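This report refers to the structure that appears directly beneath it.
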Amino acid sequence: MLYLEKNHDPRRNSAILAEITNQFDLTKAIQETEQLFNKILVSKTSHRGKDGNHSTGTLSQKMAAFFFRLLSTYTTTDSRGRVKIDKAGDVVPDWKDLLDNEFTNLKNNVIQEVNVVDFGAIGDGKTDNTLAFKKAIGNGKVKVMVPAGVFITKGIQLPSYTMLVGAGKGVTTIKLHDSAKKGTRLITNANHWKGNNHLFVGALSLDWNVERLGDVAKTSTWGNHSSCLTYANVTYGWVKDVEAMNPGLHCFDISSTLYSYAGDGFRARGGSKYVWLDNLNGYGFGDDGITTHHSDYIFISRCHMCDPSGRAHKKGFSNSNGFEVDDGSRNVVLVNNSSSSCFGGVEIKAHENSSAASNVHIIGHISVNDNRSFNFRHIGHHKSTDAESKTAYNICATNLVAITPTFTELYKDSTPRGMVVSAYKNIVINHFTLIGDPNYDYKGHPAIAVQYRARNVILKNISVKDFKKAGSDIKVFGGKNRADSIQICNVTSRNSAPKVINVGSGIEDVTIENTKSVHNYL
């Protein structure tokens, strides 16, 4: 069985996916996914749930919502980004040309290249280099080289038009000082309120030095603090060939100035946009490996996130995901990433008092031993008595692999699933391979669950095997909170659950075509 350790090279993910899925024509599959999506696309305006303003709650919750609305804007039906195959044969967002042009702009505006050692930095793992980095960076328009070594700092802030470049993962390490406060961001942009632009961080390791905190109950403070790298209100940013270790909160956070909890239908002002994260590794994170909040046009490629600590949460209730596309994020593209031993491999979601992430593409992902390989949900908008989500729309996924989802101590009561779809509308999953463990006790739970008012969902070209102790390979939940408008096509089940597809009561619109079950217990 495949095992992906923390130093796994995610640039191999494309080849691993091809080996597992027998190298089908990805270009045609992506085109098919887009065609299927266009058939089920519905208008957001037709789904305004009751109590949409979320006026209920305690006095403190109402006051918090009022405060956040002062710093928020209404969610709009922003244009939906798409993916394409570039000249090199790589899957990229259709806006990547703009990002490439702005990278040329960044290089043209960098007027000098310096070495941090020339400003007094010493990479001996002991010396405080905070002032040396500050002097080397200055007011920006500079490329700062960081040689091999372990460079201690109390935090680095990057002004616009700055490049911070090391000698490679595991060769150059930037590490937080033992006296750094719990809320410190190891690297962030200089001005979260006015915003920054054209930032590049590459070829180094980031050590948040969680050990300095000792045996604390919680390793993070609030908002987008306590992370290895935070871009907040950044336009045009790149993070490439970087490793992040043991942050109190997140390894990499692409964020707005503040996380906003103004209610469904609102987004924070000051979100980041046009950011590319490529060839990143992260582990030991207190919450999520890579996360986005209230940001637009984010490209995440060839990254591997694994083995969270979950220590940003109460023990046993750690929603620690490898990749999380969270509150109010839009037009996020994930290509050929991998995750292992997380709560969620990829979670697309929102909190109850925020807008859901929308317009998300996943092209190629390997999930190994995550509790919920792929988890799509708008918390607090699931029950028939909840307000129906105004913003949980539009997810397209092609070429997903879920291997042996398992129970986890991170979230002790969460059942293992290859995929869960809750509350979202307009979902297309095309070419999804699920590989279970025939000896593992899934306690009768399904491998795929479509539930809690999910609508307009297409599952096509689904291959499931070895979930022998699951209740079914695919379950569409009925009842008052039922899913509906579901299409399931081309499902192959090999030596798997006793029931391939289980459809619950009260579902009015479900289509099932071309299902095959093969059992060979020799």
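The values are calculated or read from the model by the stated rules, or taken from the named source; none is laboratory data. As the structure is a prediction and not an experimental result, all values here were calculated from the model. FYI the Cβ positions are ideal-geometry reconstructions off the backbone, even for glycines, and counts take in every protein chain you see. Keep in mind that these areas ignore ligands, DNA and RNA; they rest on the heavy atoms of the full protein, side chains included. Shrake-Rupley method; radii C 1.70, N 1.55, O 1.52, S 1.80 Å.
A few notes on this one:
- Identification of strands (runs of 3 or more DSSP E) wholly contained in region 407-522 with 1 or more residues that are under 26 Å from residue 340 (Cα atoms) and of a type in the set (S, T, N, Q) yields 417-422, 425-435, 448-451, 455-465, 472-476, 484-494.
- Segments classed as strands (runs of 3 or more DSSP E), wholly inside region 54-162, with at least 3 members that are at pLDDT below 95: 72-74
- Taken over region 394-419, the residue count meeting the criterion of being surrounded by 23 or more Cβ atoms within 10 Å (Cβ to Cβ), out of contact with any Gly (no Cβ under 6 Å at 6 or more places or on another chain) and either at pLDDT below 95 or closer than 15 Å to residue 459 by Cα (or both) is 9.
- Inside region 315-328, residues that are in a loop (DSSP other than H, G, I, E, B) and free of Cβ contacts under 8 Å to residues at least 60 places away in the same chain make up a count of 2.
- Verdict on residue 371 being open to solvent by 10 Å² or more (accessible area, probe 1.4 Å), in contact (Cβ under 8 Å) with a residue 40 or more places away in the chain and not small (Gly, Ala, Ser): no
- The set of residues in region 353-368 being surrounded by fewer than 24 Cβ atoms within 10 Å (Cβ to Cβ) and touching a His at 6+ places or on another chain (Cβ under 7 Å) consists of 353 alone.
- Checked against the criterion of being open to solvent by 40 Å² or more (accessible area, probe 1.4 Å), closer than 30 Å to residue 410 by Cα and more than 23 Å from the chain's Cα centre (by Cα), the candidates 215, 118 yield just one match: 215.
- Some residue of region 165-182 being acidic (Asp, Glu), in contact (Cβ under 8 Å) with a residue 12 or more places away in the chain and crowded, with 19+ Cβ neighbours inside 10 Å: no
Matching residues to (1) hydrophobic (A, V, I, L, M, F, W, C); (2) under 16 Å from the mean Cα position of the chain (by Cα); (3) crowded, with 24+ Cβ neighbours inside 10 Å:
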{"residue": "195", "(1), (2), (3)": "no, no, no"}
{"residue": "211", "(1), (2), (3)": "no, no, no"}
{"residue": "235", "(1), (2), (3)": "no, no, no"}
{"residue": "240", "(1), (2), (3)": "no, no, no"}
{"residue": "248", "(1), (2), (3)": "no, no, yes"}
{"residue": "260", "(1), (2), (3)": "no, no, yes"}
{"residue": "287", "(1), (2), (3)": "no, yes, yes"}
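- Qualifying residue in region 502-522 (condition: over 24 Å from residue 393 (Cα atoms), surrounded by 21 or more Cβ atoms within 10 Å (Cβ to Cβ) and either modelled with pLDDT of 95 or more or polar (S, T, N, Q) (or both)): no
- Of all the listed residues (391, 404), the sole one being more than 29 Å from residue 261 (Cα to Cα) and polar (S, T, N, Q) is 404.
- Among the residues of this structure, residue 231 does not count as one that is aromatic (Phe, Trp, Tyr), in contact with a Gly (Cβ under 7 Å, 6 or more places away or on another chain) and surrounded by fewer than 24 Cβ atoms within 10 Å (Cβ to Cβ).
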